[in-house]
1. Of 598, 499, how do they rank once you tally other Cβ atoms within 10 Å and put the fewest first?
2. Can you grab the distance from the C-alpha centre of segment 267-332 to the C-alpha centre of segment 506-565, Å, no decimals?
3. Take every Cα pair under 8 Å in segment 494-579 that's 6+ residues apart, average their separations, divide by the length, and report that relative contact order as a whole percent.
4. Write out the GluC sites (Glu not before Pro) in segment 588-648 meeting two conditions: DSSP loop, and at most 10 other Cβ atoms within 10 Å of their Cβ.
5. Explain nothing, just the number: relative contact order of segment 535-670, from Cα pairs under 8 Å at least 6 residues apart, as a whole percent.
6. Too long at a 32 Å Cα-Cα cut-off: which of 572/771; 487/572; 643/771; 506/572; 487/580?
7. Apply the Karplus parameterisation 6.51 cos²θ - 1.76 cosθ + 1.60, with θ equal to phi minus 60°, to every residue of segment 496-510 and state each ³J(HN,Hα) to the nearest whole Hz, in sequence, with x for glycine and proline.
8. With θ taken as phi - 60° and the coefficients 6.51, -1.76 and 1.60, list the Karplus ³J(HN,Hα) couplings across segment 140-153 in order, rounded to whole Hz; mark glycine and proline as x.
Amino acid sequence: MPAPIWRGTTLRYRCPSIRLPRRDRAELFGDADDFPRKDRRQMNAPKTYDDITALWQSWCDARGASGQGDPAVALKHVLAERRIPAGLADLRRALALCGPVATIDRQGFIDAILPVVAAPALRLEHAFAYFGATDAELPVERVRDVLGHLFHDGDMLDAMLADLDANGDRCVTFDDFLEFYPEKAAAEPDGVAVSAPLSQAAVAAPRPVSRAHFGDVATSPLQMQTGFFRLLQGAAYRTFRESYSANSESHLRARDLPYTVSDFAVFVRAATEFYLSLGLVEGDRAVAEFHRLVALVEAQHQSLCVRIATWDKVAKTDAMLAAEAVLEGELAALADHRERFAEAVEYLLALRAHRISPTEVRADSLTRHEMDRLRHGELNAEHGHVAPRGGRARPGPYHDSWSPVVLAAGEPRAAGTIMPVAFWYDDFMPQLLLCVSILTDADLDAETSCAELELDAWHAGYAGLGAFDRYGTDLRDGFAACPVRVKLALRQAWRLSEHYLNSLQKRRERAEFGRETGYLSQYVSFIDLHLGRTDVADAEMRISFPYFIGPAVWCLLHTAANLVEDMSGAAKSAAVDRFKAFFRAFATMYPCPYCRYHLNRYVVRNREVNFYPVEFLLLGQREDRDWFDISLDDRLATISADKSGSFALFVWKLHNAVSSSIARTEEWYHREEHPLYTTRFWPGLDTEIARMRSSGIEQMPVGRLAAIYGVIKPSVELATLRDEIQLALHGEKATGLDAITARAADCVSRLETAMTEADLLRQTYVFDSTKFDPPPHISEQEESYARSGYYVER
């Protein structure tokens, strides 16, 4: 086994002793039939250091034969010959850790590539070797010194290390690592208040007015319904069983940011009230269906609180007892500590790949570049695609089961913190689908009076056109056996999904995460059982894929801002207030675990000054606070019904800030090396030119060109000021920061004026109540553009 990359550490060696029986390595890491479906690919993975060394030698030979070819491609070919799966982007990132290709040595190659391709046992051995040889005995204190930078809860860390140290001699061995490592490592899955009626606006929400727009970019009613639906269904999926945000330092669970039932109830009410304030839904009976959705959720929240308070007296079914047993198991410290230990193993592998010795570890040792590799592993665990299941899983045991949930953040998990799975299938999802399928009382009548013959005719028509043959085979094959109420929900679900499943955004998905595959029940929660699938139970949902959730939500936010800007008086004030309540709840419930963490811990807190546009860095800055110490409420306070354009500009600044700093694992999704201002800043000439060329348009209207240029001029000046701000912040004293920010504030004002006068936000995200969304058509040129790195949807 290769020696560690550092020397001089003091280790003791344990004499042979009698130990309690431990799991055999084959038992721990399994034969092929013992592996979960997603882990069987690892059966061809390297299992020894000799295997990795052989890869190193073959890679060197391949590079020599290919001359100046891409080293990552050469390694990809070497792995393919051995049937070892690995993404090209992952290999590129791993090799980048080693420095210039010509200087990569065997040890550097092993440290970087082993975490990406090796079998579980070898990865665990390599993690232990971070401290020393596998026959060494490590003082617990040495392990604690390193892991203390990952886990900030000292009591938890001490308890975990006590469990790891099986015989209590304050030393751990590789055998301890093997014994303590969970058989299935942790992965991202995945007081009672009486319900109140929805808040009533001081005046009725005004009916939206359609305006002129540039090209075919107006927002349709269906797009607004889709954005609202994806937000709520995603939040429900994250809430219906215990789930957490993902820490964007390690991309493992952030247990201090759970998805809770209490937050979900607040979110559903706030989101619904804001949506209704936009004036999209007309008619008392149609609006009442949204009231019913909120009441359903709040009643379940109330039932959960009562169940917890009276658990000893509650009559319990076998399904409830089974869920409680799961909860008790989750509450058990040992199970929790094993999961934390699995996270620690990933951390040690990352440190070793970065060649950071135990004595050099700091809280910020891992850069954001390393997040991509860890994130890829967690995304692959959650979003692996699967073939259709055999047989038909009609609503049965899983439908009748109960799931452990989290009631509130920061509170101990109490007995009885479980919810019925049937609620989400039978009550919540059918009601949500109905709400997002209606805008008027007439729509409601049409949906609720739909006969089975009409539904069957709809399905037969689509099936005859082959609409379900690529991404809807579950709907194609399972529809006929469903009852009428389910058929109606499935038709509503397809209406909300067919444009994505046949869109450029779907084609942007990573190939290894299922770009060429997909089922309706993977994109719409809580319909899978009706179609003979188990995607929810198996955590195979794709509802938080960035291209599925992101564009739909941004469209909703931008268009909503324009609708509110067109209001006046009490209606506008009420809508602004409801947006602020919605956005506070939005931060607790955004369905993408990584995005939610990034929003709360980075974007809102100005943690990435080197990425964000200056107009966002200063958004909400108060004179009585340090520079860039800005809270979410400070930022929301900049939106005022009395200040025209403030709502639309808020969403625009937030969108550019997020776009400037997000990192994804796709090879083509990168930050610009030398952007004029910030990466993916909108509007931009390069992205506009690429968008128009993809549509076969070779001439840009002079007015639009002038509008974009008018915004670019002050943004380039802000780019220079941002560099000055960073220099001032990183100096020993923030000398001159007041003067710099004063100049920046003046420039931001000119940028806002240019953006407002250009009217680009209104033209691009204007609401058109008459717009019909035709079936999408994708050309080869458009698909290439979608993965060019310059893609913008509008």
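1. In increasing order of surrounding Cβ atoms, one gets 499, 598.
2. One Cα centre to the other: 22 Å.
3. Dividing the mean separation by the residue count of segment 494-579 yields 21 percent.
4. Listed in order of number, the matching sites are 623.
5. Numbers: 113 pairs, mean separation 36.3, N = 136.
Result for segment 535-670 is 27 percent.
6. Numbers: 572/771 24 Å; 487/572 39 Å; 643/771 30 Å; 506/572 36 Å; 487/580 37 Å.
Correct reply: 487/572; 506/572; 487/580.
7. Listing the rounded values in order: 7, 10, 4, 6, 5, 4, 10, 10, 5, 4, 4, 6, 8, 4, 5 Hz.
8. With the stated coefficients, segment 140-153 comes to 4, 4, 5, 5, 5, 4, 7, 6, x, 7, 9, 10, 8, 8 Hz.
Since every read-out is calculated from the coordinates, none of them should be taken as a lab result. It should be emphasised that the depicted structure is a prediction, and the values quoted were computed from it without experimental measurement. Positions of Cβ are backbone-derived with ideal geometry, glycine not excepted, and every protein chain shown enters the neighbour counts.
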